[in-house]
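Following: one structure in structure tokens, then a few remarks.
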Amino acid sequence: MRKNKIDILVCIFLIFVCSVCGLWGCGKTETEVTQLDYTVVEDKDIPQELKNIIDEKKESTIRLTYNTDEYTYAVAGYGTMGTSGYSICVNSVSLGTDSIYVDIDLLGPKPQEQVTKVSTTPYIVLKMEKRDETVVFNM
């Protein structure tokens, strides 16, 4: 009889906890996300001042933003790699409640790809309409 009372109390407690989590969402917040338009910028089209900054920093991991009167540039790089064959894939560029989220991945050489033993510094420059939000990189 006593074990049944304990089981019933445990069930009531679990129902209460589940109800509270359902009402409060257990601390999770929903954020509105909008995909942003962007362009991958070729080296020849990077503003010279930004190009100079990238050249100074590209041997290490870089995450930076650069603004002109018209555009915001988001720059991400993975530092020095020991061979050729690396590239960067943009998964998404989105606007959250108060930040821009840039999600990218480094892609290594394919298994059958011929690579040369030369140091490379893969980085990517994304250009979008000028924004004031902070850019958060997921890489």
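If the segment from Thr97 to Lys44 were pulled out straight at 0.36 nm per residue, it would be longer than the present Cα-Cα gap by 15.7 nm. Where a ≥ b ≥ c are the square roots of the eigenvalues of the C-alpha gyration tensor, would you call region 51-99 rounded, which needs a/c under 1.5, or, failing that, prolate if a/b is larger than b/c, or oblate? The shape class here is oblate. Taking a sphere under 12 Å around the Cβ of Glu42 and counting the other residues whose Cβ falls inside, with K and R at +1 and D and E at -1, yields a net charge of +1. Computed from backbone phi, the HN-Hα couplings of region 60-70 come to 10, 4, 10, 9, 8, 10, 9, 10, 10, 5, 10 Hz, rounded to whole numbers (Karplus: 6.51 cos²θ - 1.76 cosθ + 1.60, θ = phi - 60°; Gly and Pro given as x).
Rule-based calculations on the coordinates, nothing more; no lab input. Note that the structure is predicted; figures quoted are calculated from it, not measured. FYI the Cβ positions are ideal-geometry reconstructions off the backbone, even for glycines, and counts take in every protein chain you see.
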